[in-house]
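Here the structure is laid out as structure tokens; the discussion comes afterwards.
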Amino acid sequence: MNVLRMWHGRVPSEKASAYRAFLERTAIPDYQSVDGCLSVRILERADGDVTHFITMTEWESRDHIVRFAGEDIEVAKYYPEDKEYLLDFEPHVVHYDVVAQAE
């Protein structure tokens, strides 16, 4: 059963376009380099002075997520550059089993 991994982060809206570019340049290729990563989606929503980002990645299994995130897959993975953008560092991510899907 495939697994969806979801992370949420907040950045100041004036840094949103730079953060989006960072994600496209660094985070997406990093996810895609790991065997078992099926897809990567970045969602963005401006809310006044804060812009929310949600990263949703789909994986073949939790074992494949371990290859990306380490043994405790519930812990969020951050990049050194994140400190330039993020307002806070949520400690955990959320995982969902994919039970139905349509393309």
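Within segment 25-57, the set of residues being within 16 Å of Lys77 (Cα to Cα), assigned to a loop (DSSP other than H, G, I, E, B) and in contact with a helix residue (DSSP H, G or I) (Cβ under 8 Å, 6 or more places away or on another chain) comprises Val34 only.
Can you find, within segment 63-103, the residue that is modelled with the lowest pLDDT among those that are closer than 17 Å to Leu4 by Cβ and of a type in the set (Gly, Ala, Ser)? So the residue we want is Ala102. Any residue at all in segment 12-24 that's at pLDDT 95 or above, of a type in the set (S, T, N, Q), within 22 Å of Val66 (Cβ to Cβ) and in a helix (DSSP H, G or I)? The answer is no, given that none of the residues of segment 12-24 is at pLDDT 95 or above, of a type in the set (S, T, N, Q), within 22 Å of Val66 (Cβ to Cβ) and in a helix (DSSP H, G or I). Here is the figure for segment 9-55: residues that are under 12 Å from the mean Cα position of the chain (by Cα), surrounded by 15 or more Cβ atoms within 10 Å (Cβ to Cβ), within 18 Å of Leu86 (Cβ to Cβ) and of a type in the set (A, V, I, L, M) total 4.
In segment 70-89, the qualifying residues are those that are surrounded by 12 or more Cβ atoms within 10 Å (Cβ to Cβ) and of a type outside the set (D, E, K, R), and the one that is nearest to Ser17 (Cα to Cα) is Tyr85.
The values are calculated or read from the model by the stated rules, or taken from the named source; none is laboratory data. Just so it is clear, the structure is predicted and the values come from calculations on it, not from any experiment. Note that we place each Cβ from the backbone using ideal geometry, even for glycine, and neighbour counts take in every protein chain shown.
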